[in-house]
Amino acid sequence: MSDSKLAVVPQGPPPALKPPVDPATLAHRALAGGDFWRRIPTYANVGASEFLDHRWQAKHSITNIPKLLAALEGLVSEAFIADAQRGFERAPMSVRVSPYLLSLIDWADPVADPLRTQFVPLASRLIPDHPRLDLDSLHERADMPVPGLTHRYVDKALFLALDTCPVYCRFCTRSYAVGIDTEEVSKFQLKVNVDRWQKTFDYIRSRPELEDIVISGGDAYQLRPEQITQIGEALLGIEHVRRMRYATKGPAVMPQKILTDDAWTDALTRVVEEGRRRHKEVVLHTHFNHPREITEITRSAMDKLCERGITVRNQTVLQRGVNDSVETMMLLVRRLGYVNVHPYYVYVHDLVKGVEDLRTTLDTALEIEKGIRGGTAGFNTPTVVVDAPGGGGKRDAHSYEHYDRMTGVSVFTAPAVHPGERYFYFDPIHLLPPEGQSRWADPAEHARMVEEARAAAAAAPH
Ligand code: SF4
């Protein structure tokens with residue numbers, strides 16, 4: 001090459017193809033760190049070594065209403081305390097809140113806070129349940145060949161190993177069984193019971209089509225290490241079981257356990273490694289709903305699981321006032337990806353007793369899906385689903401056969417689960433246009449609206 005040709009090589013940086021990135025698009029990397037818990041008076045003198053210890057978190061978790069309200073004294077107004085007190089009296093769930101979770105709530109504005117909204121009910125915000133609500137709206141018990149084992153999909157089963165959790169969420173779909181009885185609900189018993197577990201393993205062994213088992217409850221965080229091992233070994237030993245998922249909300253409410261409960265994390269790791277040796281997949285499924293639930297402590301915990309080669313997937317519930325905007329959901333999805341948690345599903349909120357204020361419309365879900373798709377890689381973009389009431393299972397939110405935005409009735413089918421059946425989802429009445437609200441005000445109209453939707457779905461072109 002001659003010198004004259006070298007002289008035409010352009011100098012300086014290449015021309016920019018894209019404008020510089022808006023710093024706001026990197027907000028997902030700004031995780032809460034430092035000793036953020038000290039701003040709560042009760043934890044002002046708690047050092048990092050205590051706060052990061054799962055035993056301290058468990059010991060100081062608040063499990064009754066007077067204690068919770070006492071911890072909030074001086075932080076919130078008397079009116080707020082009275083409102084929360086009345087809210088708990090009407091709640092279907094028991095109380096359990098970790099200090100970590102309590103310290104992530106913005107107590108300067110507790111009414112609007114998205115974390116408070118999920119765990120501390122306020123009577124003033126409660127809205128009457130939808131008339132079509134059923135306590136076990138997903139009809140899990142109807143598909144139980146053994147108590148605590150739901151076999152709905154051909155190749156997958158849900159094993160409810162126990163009935164306790166590291167936190168109790170207001171919106172729990174399994175409020176029919178999870179936690180202790182409340183003034184509102186007597187629970188279906190799903191305690192740890194070795195005989196029941198054995199019957200479950202026997203059933204799974206007898207059904208060669210079952211390849212995929214979800215171990216849930218309750219919550220796998222509450223299983224002792226030897227129970228993690230016992231379940232893992234029993235299921236890995238069944239030839240046709242190929243995939244297992246331990247389901248826990250723990251990383252969102254007490255990530256400290258992964259960092260300091262060596263026996264539990266090691267037990268999980270051994271099952272994952274044994275699965276790998278047998279060419280079977282064992283993963284962790286978790287449940288973050290708001291970007292603020294992901295802190296530097298979460299990142300350390302997820303880093304530890306990443307180092308051990310443990311895949312973590314997330315299932316979010318779409319909730320009004322928590323994550324029902326494109327901005328919040330986008331931030332959550334990006335933040336999950338940033339800490340190596342795969343955003344797997346966003347659920348349109350089930351019909352659950354006592355939490356109508358948390359539900360939103362199918363239309364909102366569709367708008368959010370449209371808004372977030374393309375914001376990050378497709379494999380890291382959650383699928384938005386409706387868990388079809390009545391036992392249809394998870395349906396892509398866009399796959400409705402018919403959706404009447406005036407009555408809020410949408411119709412789904414589940415050909416691979418129950419061919420020929422139709423399933424109905426109902427938007428919250430208070431978010432419907434006036435005409436829809438007035439039709440729901442008349443009980444004689446209820447069945448008619450459902451039948452209209454059924455007929456429209458049957459007539460819709462396919
Ligand atoms: S952690 Fe899961 S099972 Fe437990 S109360 Fe919350 S939603 Fe229900």
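Observations on the structure shown:
- Checked against the criterion of being hydroxyl-bearing (Ser, Thr, Tyr), open to solvent by 10 Å² or more (accessible area, probe 1.4 Å) and within 18 Å of the chain's Cα centre (by Cα), the candidates Thr295, Thr316, Thr328 yield just one match: Thr328.
- Restricting attention to region 35-62, the residues being in a loop (DSSP other than H, G, I, E, B) and open to solvent by 70 Å² or more (accessible area, probe 1.4 Å) number 3.
- Restricting attention to region 361-406 and to residues that are farther than 23 Å from Val154 by Cβ and of a type in the set (Gly, Ala, Ser), the residue that is surrounded by the most Cβ atoms within 10 Å (Cβ to Cβ) turns out to be Ala365.
- Of all residues in region 422-462, exactly one satisfies the criterion of being part of a helix (DSSP H, G or I), under 15 Å from Tyr400 (Cα atoms), open to solvent by 70 Å² or more (accessible area, probe 1.4 Å) and not charged (D, E, K, R), namely Ala459.
- Criterion: touching a residue at least 12 places away in the same chain (Cβ under 8 Å) and in contact with a helix residue (DSSP H, G or I) (Cβ under 9 Å, 6 or more places away or on another chain) - qualifying residue of Glu327, Glu274: Glu274
- Near pairs, Cβ below 6 angstrom, 6+ apart or cross-chain, from region 192-219 (aromatic (Phe, Trp, Tyr)) to any residue that is open to solvent by 10 Å² or more (accessible area, probe 1.4 Å) and more than 16 Å from the ligand (Cβ to nearest atom): Phe201/Ala234; Tyr203/Pro145; Tyr203/Val146
- A count restricted to region 108-134 and to residues that are in contact (Cβ under 8 Å) with a residue 60 or more places away in the chain and open to solvent by less than 10 Å² (accessible area, probe 1.4 Å) stands at 4.
- Selected residue (criterion: nearest to the chain's Cα centre (by Cα)) from residues of region 230-250 that are open to solvent by 10 Å² or more (accessible area, probe 1.4 Å) and within 16 Å of the ligand (Cβ to nearest atom): Lys249
- Conditions (1) open to solvent by 60 Å² or more (accessible area, probe 1.4 Å); (2) in contact with a Phe, Trp or Tyr (Cβ under 6 Å, 6 or more places away or on another chain); (3) closer than 30 Å to Ile258 by Cβ; (4) not aliphatic (A, V, I, L, M): number failed by Pro145: (3)
- Positions within region 211-229 being of a type in the set (Val, Ile, Thr) and within 16 Å of the ligand (Cβ to nearest atom), in sequence order: Val214, Ile215
- Checklist (1) under 24 Å from Pro291 (Cβ atoms); (2) surrounded by fewer than 19 Cβ atoms within 10 Å (Cβ to Cβ) applied to Lys67, failing item: (1)
- Scanning region 20-28 turns up no residue that is surrounded by 13 or more Cβ atoms within 10 Å (Cβ to Cβ) and outside any helix (DSSP H, G or I).
- Helices (runs of 4 or more DSSP H) wholly inside region 251-339 that include at least 2 residues being within 16 Å of the ligand (Cβ to nearest atom) and within 30 Å of Leu358 (Cβ to Cβ): 256-260
The values are calculated or read from the model by the stated rules, or taken from the named source; none is laboratory data. The model shown is predicted, which means the values in this text are computed figures rather than measured ones. Glycine gets a Cβ as well: all are built from the backbone with ideal geometry, and neighbour counts include every protein chain shown. Heavy atoms of the whole protein, side chains included, go into the accessibility calculation; ligands, DNA and RNA do not. Shrake-Rupley method; radii C 1.70, N 1.55, O 1.52, S 1.80 Å.
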